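In what follows, a structure is listed as structure tokens, so that the remarks can point back to it.
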Amino acid sequence: MTPYDIIMKKRDGGVLSKDEIEYMVFGYTKGLIPDYQMSAFLMAVFIKGMTDEETKNITVAMTESGDKVDLSSIDGIKVDKHSTGGVGDTTTLLIGPIVAAVGLKFAKMSGRGLGHTGGTIDKLESIPGYRTSLSESEFIEQVKRIGLSVISSTGDIAPADKKMYALRDVTATVDSIPLIAGSIMSKKLASGADVILLDVKAGGGAFMKTLPEAFKLAEALVDIGRLAGKKTRAVITDMDQPLNTHIGNALEVKEVFEILSGKRKDSALREISVALSAHLIVMAGLTESFEDALAMAEDALESGKAKEKMRELLEAQAGSSEALDNLSLLPQAPIVKSLKAESDGYLKSIDVLELGIAARDLGAGRLTKEDTIDPSVGLILYKRVGDKINKGDLIADVHASCEDLGNKVLDRLRNSLTISDCEVKRKPLILGVV
Ligand code: URA
């Protein structure tokens, strides 16, 4: 067996055996197969696809490439969720405290943003003091004690994914269903939860641009989870507009803290986070009724219990819990530029990819893994698709580190919005469940 033979077999549309897939994944993780051969292999998979069996085998090989977290010493149902990646998509920071408040155990390892998408760890690090790296035993002890921990993935969880994802990111091989399925599910299976909820984003700001593609990915993810004996469900959600009004690390945390404090009741982020929490509550068996589960999630927010769970999380991981009540303690950008409507109409569409790139250009994201981010910068979008707009209305604010950048991004933002004089139909936030 050689990498050359395996690349050629996939290039010509062949079906790879379990041994061939393991040979590539383990060989690459150990540094025995060079980047150029793995790149060719990934491109062959991207173009020719993989059968269900191959997708399962690549996921298992990636899971076995490193350590697995053993959560069995934690009593209760351990739940996990994962988004396939979007812009202004901060559900983890609401779902964690909500489900912990109703008694589930939320043991979550998250990633950083890359490209145009944001990452939970960067958002958490914008909270002064928050420790994203805990040892495995600290992580487990904390989940036992308060029911909740969110940390960055420990070094050896699915190391194959770490290397392969970095390579995919620079070889135009990210948006491939078997590769995304392997990447996400290897991390989830190695992280040890009993229940896995996948938030599959569909639309302009997602890796899956169309609904049929998103359904295909959702089915692949759920099949792998079930084969591995985990309760798995995927909810397909809209990414044709950002979920949050706020995009950028500290800005997104600010929006979450406001929702936890009982403000922003009409927010899309709040609505989706409550719905996803309700799915986890049903999957964990706390109730069979989705309506009851929704009520439990709502109550966790309304009663302030979810906010108190967030306070416990911050205190446990050395983040400033004062910031929860005093948002001015979060990083603030020095310059704020506003975009006002030049005419009446309806917001017809938002180029979400452009918004993600605009936020990244401000410094909220990174182009390479080595770039440092500015936690304070980003955008606030005051209108959603379908909203009526009157001339002079505030549409958006750009939070920037300097005037020039603020002005440049303001132009980019203006071009990414389409305003029409016809009324525009709103799309539902949840597009399907698998
Ligand atoms: N998120 C992941 O973790 N992996 C992918 O491949 C895409 C999104």
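Since every read-out is calculated from the coordinates, none of them should be taken as a lab result. These numbers were taken from a predicted model, which means no experiment stands behind them. Here Cβ is always computed from backbone atoms with ideal geometry, including for glycine, and neighbour counts include all displayed protein chains.
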Exercise. Does any residue of the range 328-351 turn out to be in contact with a strand residue (DSSP E or B) (Cβ under 6 Å, 6 or more places away or on another chain), crowded, with 21+ Cβ neighbours inside 10 Å, in a strand (DSSP E or B) and charged (D, E, K, R)?
Worked result: no
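Which helices (runs of 4 or more DSSP H) sit wholly inside the range 1-64 and have at least 3 residues that are surrounded by 18 or more Cβ atoms within 10 Å (Cβ to Cβ), β-branched (Val, Ile, Thr) and touching a residue at least 60 places away in the same chain (Cβ under 8 Å)?
Values: elements: 3-11, 18-29, 35-48, 52-64.
Ranges flagged: 52-64.
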Exercise. If you scan the range 237-279, which residues turn out to be touching a Phe, Trp or Tyr at 6+ places or on another chain (Cβ under 8 Å) and either under 23 Å from residue 387 (Cα atoms) or polar (S, T, N, Q) (or both)?
Worked result: 245
For this session: Just give me the residues in the range 369-384 being among the polar types (S, T, N, Q) and either surrounded by 21 or more Cβ atoms within 10 Å (Cβ to Cβ) or closer than 12 Å to residue 126 by Cβ (or both), in sequence order.
Result: 376
For this session: Residue by residue through the range 38-72, note down the ones that are touching a strand residue (DSSP E or B) at 6+ places or on another chain (Cβ under 9 Å) and of a type in the set (Lys, Arg).
Result: 68
For this session: Only residues that are of a type in the set (S, T, N, Q), in a loop (DSSP other than H, G, I, E, B) and in contact with a Lys or Arg (Cβ under 7 Å, 6 or more places away or on another chain): list them for the range 225-253, please.
Result: 241
Exercise. Which of (1) over 18 Å from residue 114 (Cα atoms); (2) more than 16 Å from the ligand (Cβ to nearest atom); (3) more than 15 Å from the chain's Cα centre (by Cα) is the odd one out, the single condition residue 241 does not satisfy?
Worked result: (3)
Exercise. Is one or more of the residues making up the range 28-35 away from the ligand (no atom under 15 Å from the Cβ), among the aromatic types (Phe, Trp, Tyr) and over 27 Å from the mean Cα position of the chain (by Cα)?
Worked result: no
Exercise. How many residues does the range 109-130 hold that are buried (at least 24 other Cβ atoms within 10 Å of the Cβ) and in contact with an Asp or Glu (Cβ under 7 Å, 6 or more places away or on another chain)?
Worked result: 2
Exercise. Based on what the data block shows, is residue 171 surrounded by 21 or more Cβ atoms within 10 Å (Cβ to Cβ) and either away from the ligand (no atom under 14 Å from the Cβ) or over 15 Å from the mean Cα position of the chain (by Cα) (or both)?
Worked result: no
Exercise. Which is of a type in the set (A, V, I, L, M, F, W, C), within 16 Å of the ligand (Cβ to nearest atom) and farther than 23 Å from residue 61 by Cβ, of 177, 157, 151, 140?
Worked result: 151
Seminar exercise, completed: Within the range 395-404, the residues that are touching a residue at least 60 places away in the same chain (Cβ under 8 Å), crowded, with 19+ Cβ neighbours inside 10 Å and either among the aliphatic types (A, V, I, L, M) or not in a strand (DSSP E or B) (or both) are 398, 400
For this session: Would you please name the residue that is nearest to the ligand (Cβ to nearest atom), looking only at residues in the range 206-215 that are touching a residue at least 40 places away in the same chain (Cβ under 8 Å) and part of a loop (DSSP other than H, G, I, E, B)?
Result: 207
